[in-house]
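First the structure, in the form of structure tokens, and then the observations on it.
The values are calculated or read from the model by the stated rules, or taken from the named source; none is laboratory data. Since the model is a prediction, treat every value here as computed from it, not as a measurement. For neighbour counting, all protein chains shown are included, and Cβ atoms are generated from backbone atoms with ideal geometry for every residue, glycine included.
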Amino acid sequence: MHSTATLFAILAAVATVAHAADAPQPKVVGLPFTRTKKDVSQLPPLARREAVQLGLQNERWGYNVNVSVGTPPRSFQLHLDTGSSDTWLPDRLSNECKRTGCKYGVFEKKLSSTFEELSTRGEFETLYEDGAGVTGIYFSDTLNMGGLNITKLTMGLGINFTGTRMTPDTEGGIMGIGYEALEVSARKDPSNTYPNVPKQLLERGHISSLAYSLWLNDDDAKFGNILFGGVDTEKFQGDLISVPIVRSRDTGLYDRFTVALSGLAVTEKSGKKVYDQQDLTVPASLDSGSTITSLPDDLATRILHGVGAFNPENGNVWLVPCALGSQGASMKFSFGGTNGPTIAVPFEDLVIPFASLPNVAPQLKEPKKVPICKLGIDRAGNGPVILGDTFLRSAYVVYDLHKNIIALAPTKPYANDSHVEEITNLSIPGVTATAKGVDVASYSPPVNTSYTSALPTFEFGMAAQKEIYAVVGLATGQLPPQLPLQLIMSGFAIIVAGLFGGSLMVLW
């Protein structure tokens, strides 16, 4: 026979469960990620470059969400891009799909009973900064993401693809999740916008605020996630700090996720700063669709010289010893001035191995792979300053399109725990401070096209280059003199094939 105390305990437990069941649940929809390998050379040409949780697959910068489109549904892997705002798919009859097969998804309008061409919107036409372009039509259809159907979503259908010699094969489409003001149609007429994916989720009541968070995980990881309308407080370290988004200088509108870069430092493993500038007023865009980080020419040149980078044929590939990534050094990016966040990016994430690196020619005494890698930093020139995936992997980022702020915190890589909280129009969970902000209106890009290879000036750069000396010494039977990387590599024929995931062939 149960005691009175036991009976009361049981009743209390039942009441607690009932109360929890009645409590309002955060508007969250989860989508497990899949680990489908996708080489970066097969990514679409990019411009630079209820919380709905989508899994992201990472194969050297490519972050792809699994969705389905049409009735009956057809599966797609779409490249997630915060630097654009349209969702578009490749058409089965397009010149690109005839050439490559578009193995990550191809749309055939006659096979979807819910397809509707939107002829009144005109032609879908987008041109990217690398010279590639896509033209086609607008249409509406059902898109399913994470088990959630978005009916009558406006999308583009790519029919004709143009490009340059360096444009990689497309192989798939894009899900652009930026401001509506950046939609293709809005660039011609600012009033000609439509509800894109984030706006549709808000209007249909699936999320409470026009905001989302992005966790790209570590460089070696095959997954990450995006939470529309939510923040996962287990995926970052410390507190989130918000920074105001900067309006477009040309239009006065909020169209890109641009914030004020107010400081940049390079720190060695010991904590010693070998470069430090904290009085910057640089507008920098956070863009998951860009593979590398483009900095103002003066800042980038100081860093490239510091690590002794070599630029073959004045292209946009910078070569460094792979050992540069194992020296424990990091770059620290500060935003928004006073009280703003700082994100440390280890050089380990900035040094990128080539997809294929053959052995030195067999006539050498000890054939070995020459440990040369790409550096994920470039000079912006006249173009925008962009913090791409080589930066974003080190940050947990909340994009709030309602309050026009970005919140940043150091990422927590390989985090298995999860605690998702809802973003509202009043607050972002985890944000404890707001940066004062920095005026970037007077910024003018310092363009400098000249660059001369020289010995590294940073101590960790010198240490990394010693590995090149050792390898060349083993290969030739004698230790070369201490020379810049460009001269160390003379006597080798260097061919960089396919800048996006291509290979480096080294022949003696």
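Which condition from (1) modelled with pLDDT of 95 or more; (2) part of a loop (DSSP other than H, G, I, E, B); (3) of a type outside the set (Lys, Arg) is the one that Val243 breaks?
Among (1) modelled with pLDDT of 95 or more; (2) part of a loop (DSSP other than H, G, I, E, B); (3) of a type outside the set (Lys, Arg), the lone unmet condition for Val243 is (2).
Any idea which of Gly337, Gly308 is in the same structural domain as Ala441 (by TED's automatic domain parsing) and surrounded by 22 or more Cβ atoms within 10 Å (Cβ to Cβ)?
Answer to the selection: Gly308.
Within the stretch 144-177, count every residue that is part of a loop (DSSP other than H, G, I, E, B) and either modelled with pLDDT of 95 or more or over 18 Å from the mean Cα position of the chain (by Cα) (or both). Give the steps one after another, and end with the answer.
Taking the stretch 144-177 first, the residues part of a loop (DSSP other than H, G, I, E, B) are 146-147, 163-172, 177.
Going one step further and asking which of them are either modelled with pLDDT of 95 or more or over 18 Å from the mean Cα position of the chain (by Cα) (or both), we end up with 146-147, 163-167, 169, 171.
Result for the stretch 144-177: 9.
What single numbered condition from (1) charged (D, E, K, R); (2) more than 30 Å from Val351 (Cα to Cα); (3) at pLDDT below 95 fails to hold for Asp220?
(2)
Report, by residue number, each residue of the stretch 365-377 that is in contact with a helix residue (DSSP H, G or I) (Cβ under 8 Å, 6 or more places away or on another chain), modelled with pLDDT under 90 and either buried (at least 17 other Cβ atoms within 10 Å of the Cβ) or not assigned by TED's automatic domain parsing to the domain that holds Gln278 (or both).
Residues satisfying the conditions are Val370, Pro371, Ile372, Cys373.
Quick one: Leu89 ticks every box in (1) more than 15 Å from Ile159 (Cβ to Cβ); (2) under 25 Å from the mean Cα position of the chain (by Cα) except a single one, so which number is it?
(1)
Being modelled with pLDDT of 90 or more, closer than 25 Å to Ser213 by Cβ and surrounded by fewer than 24 Cβ atoms within 10 Å (Cβ to Cβ) narrows it down to one residue among Ser94, Ser112, Ser68; which is it? Spell out how you get there, then give the answer.
Working: Ser94 fails: closer than 25 Å to Ser213 by Cβ; Ser112 fails: closer than 25 Å to Ser213 by Cβ.
Only one candidate passes the filter, namely Ser68.
From the list Asp298, Asp255, Asp276, Asp250, exactly one residue is among the acidic types (Asp, Glu), in a strand (DSSP E or B) and out of contact with any His (no Cβ under 8 Å at 6 or more places or on another chain). Which is it? Please lay out each step first, then the result.
Values: Asp298 fails: in a strand (DSSP E or B); Asp255 fails: in a strand (DSSP E or B); Asp250 fails: in a strand (DSSP E or B).
On inspection, the qualifying residue turns out to be Asp276.
In the stretch 418-432, is there at least one residue being under 22 Å from the mean Cα position of the chain (by Cα) and acidic (Asp, Glu)?
no
If Phe107 satisfies every condition in (1) of a type outside the set (Val, Ile, Thr); (2) touching a Lys or Arg at 6+ places or on another chain (Cβ under 7 Å); (3) modelled with pLDDT under 90 but one, which is the exception?
Against the list (1) of a type outside the set (Val, Ile, Thr); (2) touching a Lys or Arg at 6+ places or on another chain (Cβ under 7 Å); (3) modelled with pLDDT under 90, Phe107 comes up short only on (3).
Quick test of your reading of the structure: Pro362 fulfils all but one of (1) within 24 Å of Ala309 (Cα to Cα); (2) at pLDDT below 90; (3) not polar (S, T, N, Q). Name the failing condition by number.
Of the numbered conditions (1) within 24 Å of Ala309 (Cα to Cα); (2) at pLDDT below 90; (3) not polar (S, T, N, Q), the odd one out for Pro362 is (1).
Can you name every residue in the stretch 252-274 that is touching a Gly at 6+ places or on another chain (Cβ under 6 Å) and not aliphatic (A, V, I, L, M)? Please lay out each step first, then the result.
The first filter runs over the stretch 252-274 and keeps only residues touching a Gly at 6+ places or on another chain (Cβ under 6 Å), leaving 260, 262, 269.
Result: Ser262, Lys269.
Give the number of residues within the stretch 60-97 that are small (Gly, Ala, Ser), more than 15 Å from Gly176 (Cα to Cα) and not in a strand (DSSP E or B). It would help to see each step written out before you state the result.
In the first step, residues of the stretch 60-97 are kept if they are small (Gly, Ala, Ser); the result is 62, 68, 70, 75, 83-85, 94.
Now restrict to residues that are more than 15 Å from Gly176 (Cα to Cα): 68, 70, 75, 94.
Still in the list and also not in a strand (DSSP E or B): 70, 94.
Residues that pass the stated criteria total 2.
From Lys403, Lys436, grab the single residue that is part of a loop (DSSP other than H, G, I, E, B) and at pLDDT 95 or above. Step through it out loud before you land on a result.
Details: Lys436 fails: at pLDDT 95 or above.
That would be Lys403, the only listed residue that is part of a loop (DSSP other than H, G, I, E, B) and at pLDDT 95 or above.
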